[in-house]
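Only one structure is covered here, and it is reproduced in the block below.
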Amino acid sequence: MANAEDAPTAVAGSCRWPSALRWIPTSADRIVAAEKRLLSLVKTGYVQEKVNIGFAPTGSKARWFRSSEEPRFINTVTFGSNKENAPTLVMVHGYGASHGLFFRNYDALASHFRVIAIDQLGWGGSSRPDFICKSTEETDAWFLDSFEEWRKAKNLNNFILLGHSLGGYVAAKYALQHPEHVQHLILVGPAGFSPEADDSAERLAKFRGTWKGMLVNHLWESNFTPSKILSRGLGPWGPYFVRRYTTTRFGSYSNGELLTKHESILLTDYIYHTLVAKASGELCLNYTFSLGAFARKPLLQRMIG
């Protein structure tokens, strides 16, 4: 975790803020450094690279590609890069996450595959361009077009695609759009498959009628993401709450082997730096899902249609 003495000093006139009130800083370099420390737990060797996906893919109508002339990069790690004859497995993380959360899976998977994991555009150590999408279609293009440009840059033509949670939504839509490149599709707890059911709609309607429901619905429609509260909004207390989240989700309430103390420290450090960085990909939430995490453009409708 970044030390308090590493934090930038907030200046008001000539006065310095006490160290206890300073924000814990982050940056792209700090994210990659935290990633390197976390991946030191993995026994399989890996190669980390930032893959240039350009800034204006041919034929794209997505406005976000035209928001800047700076090239974008996708943070990429490859395990078992020397396994030329092994099948290639590409892994796509979920919402509010990044590829480092797969750290316990890499050794087992790399014994069978050449494993390539990415941080989706706007998350982890990837570029974080301004999120200017204004519709579900543009938001889908944010993920699908950037992934396709990454695929071209990596010269991948036939691979197994695995997506977790929101990554499953992205992976499934990509497979539908570019089936010629996807040998197999693996969906792990995918989000975005089904529309809002009638009974859920009734419960949500009742909830929206309460003052709490109106507040939550307003925050959702305003695209007020969890990271704005749990990391950026809490300043120097952010790491504490991220640590509580890490030990709860991946510790006592985990279905698998509990995290060791060392794993917990490194994972907390990594998650904190990825969450507190500039908001970008996380702002897809309201355009992809309605309140209750129901897909605005469900995958089942696309598959049936």
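Between VAL47 and ALA108, what is 0.36 nm times their sequence separation minus the Cα-Cα distance? Round to one decimal in nm.
20.3 nm
Below 15 angstrom from the Cβ of GLU84, what's the summed charge of the other residues (Lys, Arg +1; Asp, Glu -1)? Computed value for this residue: +3. With neighbours defined as other Cβ atoms within 10 Å of a residue's Cβ, the residues ASP145, ASP119 order from fewest to most as ASP145, ASP119. Couplings 3J(HN,Hα) of segment 140-152, computed from phi: 4, 5, 3, 7, 6, 5, 5, 5, 5, 5, 5, 4, 4 Hz, in residue order, whole Hz [Karplus 6.51 cos²θ - 1.76 cosθ + 1.60, θ = phi - 60°; x for Gly and Pro]. Applying the Karplus relation 6.51 cos²θ - 1.76 cosθ + 1.60 with θ = phi - 60° to segment 177-189 yields 3J(HN,Hα) values of 7, 9, x, 5, 9, 9, 6, 9, 10, 10, 10, 10, x Hz, where x marks Gly and Pro. First check a/c for segment 124-196, with a ≥ b ≥ c the square roots of the eigenvalues of its C-alpha gyration tensor; if it is under 1.5, answer rounded, and if not, answer prolate when a/b is larger than b/c or oblate otherwise. Oblate, since a/c reaches 1.5 and b/c is not below a/b. Relative to the current alpha-carbon distance between LEU258 and VAL216, full extension at 0.36 nm per residue lengthens the span by 11.8 nm.
Close amide H contacts of ILE186 (hydrogens built in the peptide plane, cut-off under 5 Å, sequence separation of 5 or more or a different chain): LEU161, LEU162, GLY163. At 7 Å along the Cα-to-beta-carbon direction for both SER194 and ALA293, put a label point, then send me their distance in nm to one decimal. A separation of 1.4 nm, rounded to one decimal place. In this structure, the amide hydrogen of ARG72, modeled 1.01 Å from its nitrogen in the peptide plane, lies closer than 5 angstrom to those of ILE53, GLY54, PHE55, counting only residues at least 5 positions away or on a different chain.
Using the average count of surrounding beta-carbon atoms within 10 Å as a protection proxy, the listed peptides 102-109, 178-185 rank, highest first, as 102-109, 178-185.
For segment 117-124, 3J(HN,Hα) computed residue by residue from phi via the Karplus equation (6.51, -1.76, 1.60; θ = phi - 60°) reads 10, 10, 9, 4, 4, x, 9, x Hz, glycine and proline entered as x. Structural descriptor for segment 54-193: relative contact order 26 percent, calculated from alpha carbon pairs under 8 angstrom and at least 6 residues apart. Between LEU176 and LYS206, the modelled label-to-label distance comes to 3.2 nm, taking each label 7 Å out from Cα in the direction of the beta carbon. Once the chain from ASP29 to LEU156 is taken as fully extended at 0.36 nm per residue, the excess over their C-alpha distance is 43.0 nm. Put simply, the amide H of LEU121, placed in the peptide plane, has no neighbours under 5 Å, leaving out anything fewer than 5 places away on its chain. Convex hull volume per residue, computed on the Cα atoms of segment 78-203, equals 133 Å³. Residue exposure proxy: ASP29, ASP269, ordered by other Cβ atoms within 10 angstrom of their Cβ from fewest to most, comes out as ASP29, ASP269.
No value in this document is a laboratory result; all are computed from the given coordinates. Values in this document were obtained by computation on a predicted structure and should not be read as measured data. Neighbour counts are summed over all protein chains in view; Cβ atoms, including those assigned to glycine, are modelled from backbone coordinates with ideal geometry.
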